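Peer 1: Got a structure for you, questions after.
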Amino acid sequence: MKQCIKCEKSGIFLKLYNDRICKNCIDIGIRKRKAWNSTVLMSSRRFLGKCKNADSQFNRMWSAISEAEKGNYNYAIEIYRKIIFDEKLGFLGDSHLMKLIDFCYKNQRYDEAWKYLQEYKMMYPHLIYKIINYEIKILKKEKKYIEAISFLPRLYVYDINGFFKDNFDNKDKFEKEARIILKKTTSKEIDENIKYLEYLISNFINDKEYDIFILSNYVRVFIKEANLKNL
């Protein structure tokens, strides 16, 4: 039975999107993003001045990192979760945002990491490159290689800052990653499949068709027509 990983609503006819969340959770996330952007987009000086607890948060986070290095990931996750989602981060620190994901990943709490990544998409859209990169890592750990290959082209249309690229660089890296994933599927024409995915990415970038859902739809059609399955 289908189940939303965020609200845990389930049902045979429940429609889930690629992120494994239902439309209602997406709508809630959009409202959160609009409300939160009014704070996030402030200058760093004004933002820091608004939060009296920034120093306290910073110190607690470093304490959590120290505990994580000792293997106490549960403690670190709870500290980071509380600060980021309950208190709201009082200083500009993208690296700290991703540390929460890293702690969950290393502790094999993949569903929890995925849930936080979906929140980040709404609250911190500039982190999309890092978000997708972690989604792919999680999918590979869960042996969901078909989903992983469907996410991979998206990663290569963003630069590391989360903005669309002007050209398709790192083709060698893409080919290496795609080959590793496709070998875990029923793909019998790996070279041809990689070339086709590179063609889709190149066309997307060169034509400046900046609707990522168009690329995603083409990739889904490719997976269906190639009849790819997980091994």
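The values are calculated or read from the model by the stated rules, or taken from the named source; none is laboratory data. Everything numeric here is computed off the predicted structure, so don't read it as measured data. Using ideal geometry, Cβ is built from the backbone for each residue, glycine included, and neighbour counts are taken over all protein chains shown. Please note that ligands, DNA and RNA were not included when accessible areas were found on the heavy atoms of the full protein model with its side chains. Shrake-Rupley method; radii C 1.70, N 1.55, O 1.52, S 1.80 Å.
Peer 1: Scan around K9 for amide H atoms under 5 Å from its own, H built in the peptide plane at 1.01 Å from N, and keep only partners 5 or more places away or cross-chain.
Peer 2: The list, which skips near neighbours in sequence, is C4.
Peer 1: Can you send over the carbon and sulfur percentage of the accessible area for segment 99-231, probe radius 1.4 Å, protein chains only?
Peer 2: 48
Peer 1: Let me ask something else. Within a Cβ distance under 14 Å of W62, other residues only, what is the Lys/Arg minus Asp/Glu net charge?
Peer 2: 0
Peer 1: Let me know the shape class of segment 78-163, please: from the alpha-carbon gyration tensor, a ≥ b ≥ c as square roots of the eigenvalues, rounded when a/c is under 1.5, otherwise prolate if a/b is greater than b/c, or oblate.
Peer 2: oblate
Peer 1: At 4 °C and 1.567 mPa s, grab the translational diffusion coefficient of segment 146-191 from Stokes-Einstein with a Kirkwood Rh over Cα pairs, rounded to a whole number in µm² per second.
Peer 2: Taking Rh from Cα pairs, D becomes 113 µm²/s.
Peer 1: With every protein chain left in place, what is the accessible area of C104 in Å² (1.4 Å probe, nearest 10)?
Peer 2: 0
Peer 1: 7 Å from Cα along Cα→Cβ at both W62 and F163: what's the point-to-point distance in nm?
Peer 2: So the label points at W62 and F163 sit 3.2 nm apart.
Peer 1: At a probe radius of 1.4 Å, what is the per-residue accessible area of R220, in Å² to the nearest 10?
Peer 2: 100
Peer 1: Let me ask another. Using the heavy atoms of the protein chains alone and a 1.4 angstrom probe, what is the accessible area of segment 79-215 per residue in square angstrom?
Peer 2: 47
Peer 1: Rolling a 1.4 angstrom probe over the protein chains, ignoring ligands and nucleic acids, what is the accessible area of D94 in square angstrom, nearest 10?
Peer 2: 60
Peer 1: Still on this structure: Residues with amide H under 5 Å of T185's amide H, sequence separation 5 or more or different chain, H placed in the peptide plane at 1.01 Å from N; which?
Peer 2: Amide H to amide H, under 5 Å and 5 or more residues apart or across chains, T185 pairs with L231.
Peer 1: Additional query: Which far-off residues, 5 or more places away or on another chain, put their amide H under 5 Å from the one on Y158, with H placed in the peptide plane?
Peer 2: Counting only residues 5 or more places away or on other chains, the set is K165.
Peer 1: Any of K88/K144; K15/K171; K88/K130; K15/K188 with alpha carbons more than 25 Å apart? Name them for me.
Peer 2: K88/K144; K15/K171; K15/K188
Peer 1: Just need the Rg to Rh number for segment 95-231, please, alpha carbons only, Kirkwood Rh.
Peer 2: We get a ratio of 0.96 for segment 95-231.
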